[in-house]
Amino acid sequence: MKFLIGIDLVKISRIERLIEKFPDRALQKFLNTNEIKLAKKASTAAGFWAAKEATAKALQTGIGKDCNFHDIEVYKLKSGAPALKLHSKLIKQFNITDTSLSITHDAGLAVAVVAIETSTTTNKVK
């Protein structure tokens, strides 16, 4: 078992400006339909952005060809806590067995921390 950790921080005002400039297209660039329904405020959308960036950082791919915004979905548990749903290609490629997500907002910032558990048969630590 191996744990991958990622963190990201984004200014909520950055997402607000993006939404003001491109009202519908801005959210569609990084959120799916279900996420757009959940993201009623810019702070929530910023938290989702940070969660996706933190996930890509944990996987050591960054957002790009190997892992794009739409390969990662943020949803809410019944308790209201955020959780991750990953595209099957990511699960298979990285042998992902579990994920954890925490998002917080304060002082005009959104921060997300992601922990990903993977199954591995080799230990790279020497």
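Suppose the filter is in contact with a Phe, Trp or Tyr (Cβ under 8 Å, 6 or more places away or on another chain) and either at pLDDT 95 or above or under 18 Å from residue 98 (Cα atoms) (or both); does residue 83 pass it? Yes, satisfied. Restricting region 2-32 to residues that are among the β-branched types (Val, Ile, Thr) and under 19 Å from residue 81 (Cα atoms) leaves a set whose member that is surrounded by the most Cβ atoms within 10 Å (Cβ to Cβ) is 7. Annotation note: Cβ proximity below 7 Å between a residue of region 86-114 that is over 24 Å from residue 11 (Cβ atoms) and touching a residue at least 24 places away in the same chain (Cβ under 8 Å) and a residue that is charged (D, E, K, R) and in a strand (DSSP E or B) (sequence gap 6+ or interchain) occurs for 97/117.
Condition test on residue 96, is it within 21 Å of residue 34 (Cα to Cα), surrounded by 11 or more Cβ atoms within 10 Å (Cβ to Cβ) and in contact with a strand residue (DSSP E or B) (Cβ under 9 Å, 6 or more places away or on another chain)? In short, no. When restricted to residues that are of a type in the set (Asp, Glu) and over 19 Å from residue 100 (Cα atoms), region 5-62 contains 3. Of all residues in region 27-53, those being within 13 Å of residue 13 (Cα to Cα), among the hydrophobic types (A, V, I, L, M, F, W, C) and not in a helix (DSSP H, G or I) number 0.
The values are calculated or read from the model by the stated rules, or taken from the named source; none is laboratory data. All of these numbers come straight from a predicted model, not from anything done at the bench. Cβ coordinates were reconstructed from backbone atoms using ideal geometry, including for glycine residues, and neighbour counts include every protein chain displayed.
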